[in-house]
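Peer 1: Can you read through this structure? Questions will come right after.
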Amino acid sequence: MNTAVTILGIETSCDETGIAVYDSELGLLAHTIHSQTDIHAQWGGVVPELASRDHIRKAIPLIEDTLAAANLTGKDIQGVAYTKGPGLVGALLVGAMLGRTLGFAWNVPTVGVHHLEGHILAPFLEPNPPSFPFLALLVSGGHTELVKVEGIGQYEIMGDTLDDAAGEAFDKTAKLLGLGYPGGAALAKLAECGNPTRFHFPRPMTDRPGLDFSFSGLKTFALNTIEANPQDEQTKADIARAFEDAVVDTLTIKCRRALDQTQFKSLVIAGGVGANSALRQRLQEMCAKRGVSLSFPRLEFCTDNGAMIAYVGCQRLMAGEWDGLDVKVYPRWLLSDLSQV
Ligand code: KG4
Ligand code: ZN
């Protein structure tokens with residue numbers, strides 16, 4: 001494919017159904033997101049079977065809505081991209097089956113996209129996108145990774161979490177504070193009223209060299225602090241603040257180290273925790289001091305969305321990559337296994 005193409009993107013890897021239409025020349029034409037938070041909140045976490053069933057219910061109506069919002073029909077689509085992994089197997093299969101079926105029906109190529117590549121390249125949906133090479137801090141509910149990005153499909157993992165992901169630590173600590181699921185954003189809101197000096201949480205693995213993370217100890221530290229103190233609203237806010245400060249500090253220290261190591265002049269924040277404003281502010285300050293440019297997508301493209309999948313699919317389809325007739329998903333899939341575009 002060499003001329004302009006309009007691509008439909010389908011994201012169903014976890015608990016958001018995200019649909020988008022991206023045009024290689026005009027950019028993003030329309031996108032919609034349906035979040036399943038209400039369904040899973042009552043169970044305190046994502047229930048995979050409920051996630052798959054809800055994707056089945058919502059995906060086709062959302063595709064119709066998104067095409068209508070872009071003033072298009074299926075006949076205007078030249079390719080379909082869907083999330084192929086990593087994620088929940090049942091949820092991924094819904095998007096993959098739907099994507100492959102639409103491709104077959106419309107007689108257009110389809111391509112399976114790596115969810116994390118979507119997050120890393122989401123800033124390219126915005127004006128003034130970063131230029132290669134750059135360092136990406138990928139912080140989501142399932143991943144905390146520092147990635148050296150030399151180009152599309154050229155990823156080297158420099159640091160990874162040994163246990164809980166940053167978002168998972170936010171969610172578990174939020175649950176301990178009685179904030180429901182997923183509690184990352186609620187915890188951040190509560191932390192705004194917290195006293196930053198009352199409690200001090202450790203900065204895990206910053207006292208030794210290396211770029212790996214470990215966040216599960218912070219959750220235990222939060223639990224012990226909650227049990228040792230009165231349960232008033234101010235105390236909860238103070239604990240939330242101490243926890244958030246510890247995560248933000250730890251992520252900032254490791255980003256600084258990785259920038260030292262690579263000498264890169266560009267940093268990208270991607271994934272749901274990238275929506276955290278304290279983190280954005282701290283990284284902004286650190287980058288300004290070092291003359292490094294910082295990019296992050298708008299808030300709704302930090303969390304899961306179809307736009308990033310449509311964008312990556314568009315790049316890969318234009319490079320001549322597409323699937324055969326079989327339907328495969330990869331619940332586990334390493335970024336470093338991707339092919340270069
Ligand atoms: O990228 P994402 O939407 O889904 C995954 O691929 O995991 O990330 C979701 C994660 C959740 O853990 C959620 O609590 C966290 O991002 N999150 C936040 C904030 N908004 C979302 N964590 C901290 N502060 C926020 N403002
Ligand atoms: Zn995600």
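Peer 1: Among (1) farther than 20 Å from Leu317 by Cα; (2) outside any helix (DSSP H, G or I); (3) at pLDDT 95 or above, which single condition is Pro61 missing?
Peer 2: (2)
Peer 1: Still on this structure, please answer the following. Specify the residue that is nearest to Cys14 (Cα to Cα); the eligible residues are those in segment 85-126 that are away from ligand 2 (no atom under 16 Å from the Cβ), open to solvent by less than 10 Å² (accessible area, probe 1.4 Å) and not in a helix (DSSP H, G or I).
Peer 2: Among those that are away from ligand 2 (no atom under 16 Å from the Cβ), open to solvent by less than 10 Å² (accessible area, probe 1.4 Å) and not in a helix (DSSP H, G or I), it is Val111.
Peer 1: So, in segment 127-146, of the ones that are buried (at least 20 other Cβ atoms within 10 Å of the Cβ) and hydroxyl-bearing (Ser, Thr, Tyr), which residue ends up nearest to ligand 2 (Cβ to nearest atom)?
Peer 2: Ser140
Peer 1: For segment 263-301, name all the residues that are in a helix (DSSP H, G or I), open to solvent by less than 30 Å² (accessible area, probe 1.4 Å) and touching a Leu at 6+ places or on another chain (Cβ under 7 Å).
Peer 2: Answer for segment 263-301, where residues must be in a helix (DSSP H, G or I), open to solvent by less than 30 Å² (accessible area, probe 1.4 Å) and touching a Leu at 6+ places or on another chain (Cβ under 7 Å): Val273, Leu279, Leu283, Cys287, Phe301.
Peer 1: Taking segment 149-172 as the search range and keeping residues that are out of contact with any Lys or Arg (no Cβ under 9 Å at 6 or more places or on another chain) and open to solvent by 50 Å² or more (accessible area, probe 1.4 Å), which one is nearest to ligand 2 (Cβ to nearest atom)?
Peer 2: In this case the residue turns out to be Asp160.
Peer 1: Within segment 200-217, can you find the residues that are farther than 19 Å from Gln261 by Cβ and among the aromatic types (Phe, Trp, Tyr)?
Peer 2: If the condition is that a residue be farther than 19 Å from Gln261 by Cβ and among the aromatic types (Phe, Trp, Tyr), then Phe201, Phe215 are the ones that fit.
Peer 1: Then there is this: Any chance segment 39-52 includes a residue that's within 16 Å of ligand 2 (Cβ to nearest atom), within 22 Å of the chain's Cα centre (by Cα), among the small types (Gly, Ala, Ser) and at pLDDT below 95?
Peer 2: yes
Peer 1: Tell me whether segment 3-22 contains one or more residues that are within 19 Å of Gly271 (Cα to Cα) and more than 15 Å from ligand 2 (Cβ to nearest atom).
Peer 2: yes
Peer 1: Looking at Gly194, is it open to solvent by less than 60 Å² (accessible area, probe 1.4 Å) and either over 24 Å from Val147 (Cα atoms) or not acidic (Asp, Glu) (or both)?
Peer 2: It is true that Gly194 is open to solvent by less than 60 Å² (accessible area, probe 1.4 Å) and either over 24 Å from Val147 (Cα atoms) or not acidic (Asp, Glu) (or both).
Peer 1: Taking interchain pairs and intrachain pairs at least six residues apart, which have beta carbon atoms under 8 angstrom, with the first residue in segment 263-274 and more than 16 Å from ligand 2 (Cβ to nearest atom) and aromatic (Phe, Trp, Tyr) and the second open to solvent by 10 Å² or more (accessible area, probe 1.4 Å) and outside any strand (DSSP E or B)?
Peer 2: Phe264/Pro133; Phe264/Val292
Peer 1: Look through Arg282, Arg290, Arg332 and report the one residue that is more than 15 Å from the chain's Cα centre (by Cα), of a type in the set (D, E, K, R) and closer than 30 Å to Ile19 by Cβ.
Peer 2: Result of the check over Arg282, Arg290, Arg332: Arg332.
Peer 1: Residues that are open to solvent by 40 Å² or more (accessible area, probe 1.4 Å) and either over 22 Å from Leu98 (Cα atoms) or in the same structural domain as Ala91 (by TED's automatic domain parsing) (or both): list the strands (runs of 3 or more DSSP E) wholly contained in segment 1-55 that include at least 3 such residues.
Peer 2: 27-35
Peer 1: OK, next. Of all residues in segment 124-168, how many are under 21 Å from Leu187 (Cα atoms) and among the aliphatic types (A, V, I, L, M)?
Peer 2: Selection size over segment 124-168: 5.
The values are calculated or read from the model by the stated rules, or taken from the named source; none is laboratory data. Please read all numbers here as calculations on a predicted model, not as lab measurements. Quick reminder, even Gly has a Cβ in these numbers, built from the backbone with ideal geometry, and neighbours come from all protein chains shown. All accessible areas refer to the heavy atoms of the entire protein, side chains included, with ligands and DNA or RNA removed. Shrake-Rupley method; radii C 1.70, N 1.55, O 1.52, S 1.80 Å.
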